[in-house]
Amino acid sequence: MKKALIALAVAALGSMPALAQQTIKIANIVELSGPGTTSGTNFKNGVELAVREINAAGGILGRRIETSTVDTQSNPGVAKGLTQKAVDQDVFAVFGPVFSGSIMVSMAETRRAEIPNFTGGEAAAITTQGNPYIFRTSFTQATAMPKIARYITDQAKAKTLSLIYVNNDFGKGGRDMLMKALEKSQTKIVADVSTESAQVDFSAAVLRARQANPDAIFVYTNEEESARVLRELRKQGWTKPVIGETVLTSQKVIELAGEAANGAVAHVGLTVDAPIPAMRAFRAKFEREYKYITDHNGIKGYTGMYVLKAAIEKVGKLDRKAVAKAMHGLKLRVADHPGILMDVEFDKNGDLDRDSFLTEVRNGKQEVTATLPPLSRK
Amino acid sequence: MTDLLQLTFSGIATGSIYALAALGFTLLWQASGTINFAQGEFVMLPAFAMLFFAAQGAPLPVAFVLTIAVAVAVLGWAFKRGVVDPLFRHGMMAIVVATIGLSIAMRNGVRIYSADAHPFPSLFADKLLRVGGVTVSLADAGTLAFALVLVVATQAFLARTLTGRAMQAVAQNTESAAVLGINVPLMILYTFAINAVLACAAALLVTPVYFGKFDMGESLGTKAFFAAVIGGFNNSRGALLGGVIVGIGENLAAAYISPAYKDAVALALFMVVILFKPQGLLGRKEERKV
């Protein structure tokens, strides 16, 4: 009996290659445990939702997509090993990891094997290494900061600005990008206040920012610190605009800062609350499927999969190299590819540009108040 | 001038938070001659316990009482039996190293459960008081008041009650205390139980500001240790003084020197005190048999 089973299993294995030709294999290499759990799970769920829809509609070039999912444990070393394994299994494309630290090391494997790799990572360095197989599913600081700078100067009309940033890679990177973007503008930076990660008392930092008497204060710290800064700003009676990037109006900050979060304004690259019918429909589909509302990582995974589909269809054959090449300079319109949710274009580095949103916290909820055009459009 | 006052008041508020954690250091030292480097985590765990009970539907006061019960058992009795008792005869160094290890284990244990920051309900209403251009939140004032009460109560208990004096006697000379008929193991157990209760009280006051997070005890524990040394390790009032000095010093340095040096202030004060007054500002020289 046992032997018969083994024989059967071997036979099944033997017939796999024939089957594989009929399917397109995609590997999800994501954070399903550790600090990246939320991001990774949302990203994976987004990819799988798109795959189910694509398969139901007849697949890509008539072939079904087959996904496999593995857990990086939010660990770069594990991510690298799993990517190597996926490469050995001859997948057509890799989705993930989402964490910048992980993709920075794992993308060497997909690059060597010439496999397109879509990431949710947002560190600027990912696409500055000349890797022709890496593609983003969201903005970097290098795209987001010029957008927010444009808003500060043109819409908020702030002539003077105080900066409060956190002194780590994330905070310094963002601060430098913003300063560069504001260099030639009408807005002058009048106070540049560095704070520590995990800092608790922000009274001195806020006081310094306030003393310079700016038209607005820009806050660029992680979630908990942002909440504390907002509380301190309220305490010290600050009533002029508080502006941030993504983090400042995130659900976590609102939850932690409570009342003090109201009125904070921030640019966000992706949000399920965007006033776009396709995005609303996606939000509803996702919630129906998984019984919760996704953050931006679900959108990254979902749209990433549809971008891959569009690129393959453009090339017309299952050729990884040709697909990666076609991705550079690719311009996609929602009218032709509804699954991408928003018009998007990729540059030669694998970075993308598209609409983004301005949000404000009102009554403890993040609300989209405006749509900001892509950087390439003036 | 208003700015200076504002900074000072904020510093006092932060300082009283440090003081609450520092109180545990001075208590354990005065009454059992041990140093617990997991003191910050001893505040973090009750915070999560309260969040857990609250998530089960318990109102905050009930969650607090339940947490005290659990804390006395785990952070009091189990900590004494599991870590301090077996290592006591190997001297202080063994306990210090063990508690450092324990703090790492506790942090990462909680991290597996949740790596996120959790908001924590405040005991005090979300109100701002404006006094002569200076804004003080009700929570800041309340924390300071609570810290004062706890410090005075602890000091009074140790100095004025029979049990308290017996506990100090045990720490100063265990053998003589035993000869005098003091129940040594019971006194030491009391010390750890009281430390656990203080940690719960600190958690209740500190967490609305720090948020419930696995690593909230890390900086809190370090600052509290510095505060305790600056104020005087063998004096509970020293914990409060040390905490407030560190809190104010940090704020003034951040505003008038550079925010980048904020975290160095506690360390600099610590070194100055160690060099010139090693027993701490309010501490007294003591001889003890370890």
Q.
Checking the structure you have, find out if any residue of region A:195-209 is open to solvent by 20 Å² or more (accessible area, probe 1.4 Å) and outside any loop (DSSP other than H, G, I, E, B).
A. yes
Q: Kindly provide the set of residues from region B:140-149 that are surrounded by fewer than 20 Cβ atoms within 10 Å (Cβ to Cβ) and either of a type in the set (A, V, I, L, M, F, W, C) or within 11 Å of chain A (Cβ to nearest Cβ) (or both), ordered by number.
A: B:ALA141, B:ALA145, B:PHE146, B:LEU148, B:VAL149
Q: Among residues belonging to region A:210-224 that are within 10 Å of chain B (Cβ to nearest Cβ) and under 20 Å from A:VAL247 (Cβ atoms), point out the one that is surrounded by the most Cβ atoms within 10 Å (Cβ to Cβ).
A: A:GLU224
Q) For region A:74-107, what are the residues that are open to solvent by 30 Å² or more (accessible area, probe 1.4 Å) and either acidic (Asp, Glu) or part of a strand (DSSP E or B) (or both)? A) A:ASP88, A:ASP90
Q) Pairs, please: C-beta under 6 Å, at least 6 apart or cross-chain, first residue assigned to a loop (DSSP other than H, G, I, E, B) and in region B:216-241, second among the aromatic types (Phe, Trp, Tyr)? A) B:PHE233/B:TRP29
Q) If you go through region A:21-54 one residue at a time, how many are within 14 Å of chain B (Cβ to nearest Cβ) and not β-branched (Val, Ile, Thr)? A) 8
Q. In region B:263-282, what count of residues is obtained for those that are within 14 Å of another protein chain (Cβ to nearest Cβ) and either open to solvent by 40 Å² or more (accessible area, probe 1.4 Å) or not hydrophobic (A, V, I, L, M, F, W, C) (or both)?
A. 3
Q: Scan region B:21-42 residue by residue and report those that are closer than 12 Å to B:ALA202 by Cα and away from chain A (no Cβ under 13 Å).
A: B:ALA22, B:LEU23, B:GLY24, B:GLN39, B:GLU41, B:PHE42
Q. Out of B:SER122, B:SER103, B:SER114, which single residue is touching an Asp or Glu at 6+ places or on another chain (Cβ under 7 Å) and among the small types (Gly, Ala, Ser)?
A. B:SER103
Q.
Step by step: first the residues of region A:154-166, then only those that are over 19 Å from A:VAL200 (Cα atoms) and open to solvent by 10 Å² or more (accessible area, probe 1.4 Å), then the one that is nearest to the other protein chains (Cβ to nearest Cβ). Which residue is that?
A. A:THR160
Q) Here are A:ALA227, A:ALA191: which of them is closer than 17 Å to A:VAL361 by Cβ and either within 9 Å of chain B (Cβ to nearest Cβ) or not in a helix (DSSP H, G or I) (or both)? A) A:ALA227
Q | Candidates B:PHE53, B:PHE48 - the one that is surrounded by 15 or more Cβ atoms within 10 Å (Cβ to Cβ), in contact (Cβ under 8 Å) with a residue 40 or more places away in the chain and part of a helix (DSSP H, G or I) | A | B:PHE48
(Q) Taking the conditions exactly as written (free of Cβ contacts under 8 Å to residues at least 40 places away in the same chain and open to solvent by 60 Å² or more (accessible area, probe 1.4 Å)), does B:ILE104 satisfy them or not? (A) yes
Q: Mind listing whichever residues of region A:197-214 are among the hydroxyl-bearing types (Ser, Thr, Tyr) and over 13 Å from B:THR14 (Cβ atoms)?
A: A:SER197
**Q.** Selected residue (only one of B:ALA141, B:ALA105 is within 21 Å of the chain's Cα centre (by Cα) and within 30 Å of A:GLN73 (Cβ to Cβ))
**A.** B:ALA105
Q: Could you please find all residues in region A:247-257 being crowded, with 19+ Cβ neighbours inside 10 Å and either on the phi > 0 side of the Ramachandran plot or more than 9 Å from chain B (Cβ to nearest Cβ) (or both)?
A: A:VAL247, A:LEU248, A:THR249, A:SER250, A:VAL253, A:ILE254
Q) Is it the case that some residue within region B:216-226 is out of contact with any strand residue (DSSP E or B) (no Cβ under 6 Å at 6 or more places or on another chain) and more than 14 Å from chain A (Cβ to nearest Cβ)? A) yes
(Q) Step by step: first the residues of region A:167-188, then only those that are more than 14 Å from chain B (Cβ to nearest Cβ) and assigned to a loop (DSSP other than H, G, I, E, B), then the one that is farthest from A:LEU233 (Cα to Cα). Which residue is that? (A) A:LYS184
Q. Can you tell me which residues in region B:127-179 are of a type in the set (A, V, I, L, M, F, W, C) and in contact with a Leu (Cβ under 6 Å, 6 or more places away or on another chain)?
A. B:VAL134, B:VAL136, B:PHE146, B:ALA147, B:VAL151
Q. What residue, among those in region A:270-324 that are part of a helix (DSSP H, G or I), in contact with a His (Cβ under 8 Å, 6 or more places away or on another chain) and not hydrophobic (A, V, I, L, M, F, W, C), is surrounded by the most Cβ atoms within 10 Å (Cβ to Cβ)?
A. A:LYS309
**Q.** Members of region A:98-147 that are more than 24 Å from A:PRO374 (Cβ to Cβ) and touching a Gly at 6+ places or on another chain (Cβ under 7 Å)
**A.** A:PHE99
(Q) Looking at B:LEU204, B:LEU158, B:LEU186, can you tell me which residue is over 30 Å from B:MET271 (Cα atoms), open to solvent by less than 20 Å² (accessible area, probe 1.4 Å) and assigned to a helix (DSSP H, G or I)? (A) B:LEU204
**Q.** Count of region B:107-135 residues which are touching a residue at least 40 places away in the same chain (Cβ under 8 Å), within 11 Å of another protein chain (Cβ to nearest Cβ) and assigned to a loop (DSSP other than H, G, I, E, B)
**A.** 9
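Yes/no per residue for (1) in contact (Cβ under 8 Å) with a residue 40 or more places away in the chain; (2) at negative phi:
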{"site": "B:ALA145", "(1), (2)": "no, yes"}
{"site": "B:LEU148", "(1), (2)": "yes, yes"}
{"site": "B:ALA156", "(1), (2)": "no, yes"}
{"site": "B:SER176", "(1), (2)": "no, yes"}
{"site": "B:GLY181", "(1), (2)": "no, no"}
{"site": "B:PRO185", "(1), (2)": "no, yes"}
{"site": "B:VAL197", "(1), (2)": "yes, yes"}
{"site": "B:LEU204", "(1), (2)": "yes, yes"}
{"site": "B:THR207", "(1), (2)": "yes, yes"}
Q) Could you list, in sequence order, the residues of region A:230-246 that are touching a residue at least 24 places away in the same chain (Cβ under 8 Å) and either more than 12 Å from every other protein chain (Cβ to nearest Cβ) or in a loop (DSSP other than H, G, I, E, B) (or both)? A) A:LEU230, A:GLN236, A:TRP238, A:LYS240, A:PRO241, A:VAL242, A:ILE243, A:GLY244, A:GLU245, A:THR246
Q: Tally the residues that are within 26 Å of B:PHE146 (Cβ to Cβ) and either in contact (Cβ under 8 Å) with a residue 40 or more places away in the chain or surrounded by fewer than 18 Cβ atoms within 10 Å (Cβ to Cβ) (or both), restricting the search to region B:242-262.
A: 11
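The values are calculated or read from the model by the stated rules, or taken from the named source; none is laboratory data. Keep in mind the model is a prediction, meaning the values are calculated, not measured. Ideal geometry is used to build each Cβ from the backbone, glycine not excepted, and the neighbour counts take in all protein chains shown. Just the protein is used for accessible areas: all its heavy atoms, side chains included, with ligands, DNA and RNA removed. Shrake-Rupley method; radii C 1.70, N 1.55, O 1.52, S 1.80 Å.
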